[in-house]
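Trainee: Dumping the structure here so I can ask a few things about it.
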Amino acid sequence: MKHLRYKTIFLYLLLVVGLLLVVSGFSYAYFISSAFSNEQVVESGTLQLTYLTDRNILLADVFPTDETEAGIHTFAIENTGTLEATYYLYLTDIMLQKDGVDTQSNNLKWKLYKATSDYTEAEEISSGTFEEGNNPIELDTVIQINPAEKQYYILKIWLQEIGVLQNWDQGLVFSGKVEATTVPKTINRTLVSMIKKDAVMDNVASTYVTSSTGIDFSQISSDTNGKGLYILHDSVNSQFPIMYYRGAVENNHVKFANLCWKIVRTTETGGVKLLYNGKPNSNGECNTTGEATLITNNQPFNTEADDNAYLGYMYGETGSDSYDETHRNDYASTIKSIIEEWYSQNMMSYTDDLEDTVWCNDRGITLASSSIGPGTGTSATAYMSRYRLVDNQNPSFECKNVNDRFTVSEDNGNGALTYPIALLTADEVAYAGGVYHTANNSYYLNNDLGWWLLSPSYFNGSKALVFQVYAEGYLNDYTVDFSYGIRPAVSLKAGTRIISGGNGTMENPYVVE
């Protein structure tokens, strides 16, 4: 028996998931796992807890399944001292990686049961996933145990089958340890997991959506057409389901880089996209409104407007009859230069906290036959954002053309950005509750001022028009040489944790590392 002069005991677990096979439309994974622990004792005065392990987990040739095929570890906690004890169970020192990089998994699940002395399931205690990656997990807390009492547990871990290909689960490597301690831990949760508890699907009726088919994007947000955090239903089976805020929400405030931001949505890669919202006041509150929510006001998107090229966040040659030459990313727009100069002065030391997400300057040409143009020179041309949001009221987070996917690295886009910062799209505003030429004074994006977005609308034969949020909260489009405000956006990396007890209100915002 090993005696430890600490208040903590451990069970070490190792789980490796590899060799994903795709056969006839189904995905299979190969698991190898083991657990090992000697009997260990924690002593504190006349309090003595003994940790007992029953058998190893050993899984082989296991494919995505359900709980009935889970890997099982059984263990017991015994009070061999003379005092009643209170202890806490955690899963700690978690290492969940893919290809050597920390990751998370919504499909790798765990469940803890109370058990009888012969390790028969008695009652479920808690369950969850590894959606927070390497963040410690609270299994059970404030557990009372009397002298001479032994308490038995069953811990299950399995990869859940979700009915679609699960390529993102290929090659997962997991290890961790169960920790029993008489001292409670402070666990900083990730920002995504903190907000996720309030999310509902966007294609069904819910508390603030009366239609049985979900949100109607042809109408503004309201108490009957969306207010809260929603899961994009098309993404629900993705590795990182997209969640977005809509309507008159008051709990999406964040302090990051000593500045105030509003959460707009999560990204396809698990990040959290934030919109600039000014500076905190002397009390640390993010109650900024009006012009204070802008980094600058009265600025053009581009100083010139007489060519299709000027719809671009970057642009190519004017006067060209070639679409590719017109929309090549050779020259920075006026607004891009302003935003990147602001970033260099205010955000450089926080770059490692940001993900290189896609900023979509969608210059795809509309599908509407009455509006098709070549997108060159001074030819009248409508663009896809206008087709989606004016003609059809059907927003999308997709960005099809690599040339329009503004990123720092070429790994996931065009590599044309200097820093990981840009503007929201008109589609993101539509998800939030904005509608073309329909006032919405109550949703969280309305600051009673006009400010630029990243989405081209059309070239009318003489001037280029880009979308913006207008002063009454509605989506509008106007010529790029006109002056509006600038509210940049950034995206926090997946796994970003909250380091305060905030609740997301402007008086008590979330504070992130």
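Trainee: Could you please find all residues in the stretch 472-507 being in contact with a Lys or Arg (Cβ under 8 Å, 6 or more places away or on another chain), open to solvent by 20 Å² or more (accessible area, probe 1.4 Å) and over 26 Å from THR103 (Cβ atoms)?
Mentor: THR479, ASP481
Trainee: OK, next. Has the stretch 343-356 got at least one residue that is aliphatic (A, V, I, L, M), open to solvent by 10 Å² or more (accessible area, probe 1.4 Å) and over 30 Å from LYS273 (Cα atoms)?
Mentor: no
Trainee: Pairs only if they're at least six apart or on different chains, beta carbon under 8 angstrom, first in the stretch 486-499 and of a type outside the set (Val, Ile, Thr), second part of a strand (DSSP E or B) and open to solvent by 50 Å² or more (accessible area, probe 1.4 Å); list them, first residue then second.
Mentor: GLY495/ASP102
Trainee: ILE365 fails exactly one of the following numbered conditions: (1) closer than 14 Å to GLY312 by Cβ; (2) touching a strand residue (DSSP E or B) at 6+ places or on another chain (Cβ under 7 Å); (3) open to solvent by 40 Å² or more (accessible area, probe 1.4 Å); (4) modelled with pLDDT of 95 or more. What is the number of that condition?
Mentor: Every condition holds for ILE365 apart from (4).
Trainee: Something else now. Do any strands (runs of 3 or more DSSP E) entirely within the stretch 42-138 hold 2 or more residues that are open to solvent by 60 Å² or more (accessible area, probe 1.4 Å), at pLDDT 80 or above and not hydroxyl-bearing (Ser, Thr, Tyr), and if so, which?
Mentor: Hits in the stretch 42-138: 121-130.
Trainee: With the requirement that a residue be in a helix (DSSP H, G or I), open to solvent by 20 Å² or more (accessible area, probe 1.4 Å) and not hydrophobic (A, V, I, L, M, F, W, C), what does the stretch 312-339 give you?
Mentor: TYR323, ASP324, GLU325, THR334, SER337 - these are the residues of the stretch 312-339 that are in a helix (DSSP H, G or I), open to solvent by 20 Å² or more (accessible area, probe 1.4 Å) and not hydrophobic (A, V, I, L, M, F, W, C).
Trainee: How do the pairs read when you match residues in the stretch 167-185 that are under 18 Å from TYR153 (Cβ atoms) and open to solvent by less than 60 Å² (accessible area, probe 1.4 Å) with residues anywhere that are acidic (Asp, Glu) and part of a strand (DSSP E or B), using Cβ under 6 Å and keeping only pairs 6 or more apart or on different chains?
Mentor: Here the result reads GLY176/ASP93; LYS177/ASP93, each pair linking the stretch 167-185 to a residue that is acidic (Asp, Glu) and part of a strand (DSSP E or B).
Trainee: Give ASN441, ASN412, ASN447 a once-over and let me know the one that is over 22 Å from the mean Cα position of the chain (by Cα) and either under 19 Å from GLY271 (Cα atoms) or buried (at least 20 other Cβ atoms within 10 Å of the Cβ) (or both).
Mentor: Checking each option against the conditions leaves just ASN447.
The values are calculated or read from the model by the stated rules, or taken from the named source; none is laboratory data. Note that this is a predicted model, so its numbers are computed, not measured. FYI the Cβ positions are ideal-geometry reconstructions off the backbone, even for glycines, and counts take in every protein chain you see. The accessibility values were calculated without ligands, DNA or RNA, using every heavy atom of the protein model including side chains. Shrake-Rupley method; radii C 1.70, N 1.55, O 1.52, S 1.80 Å.
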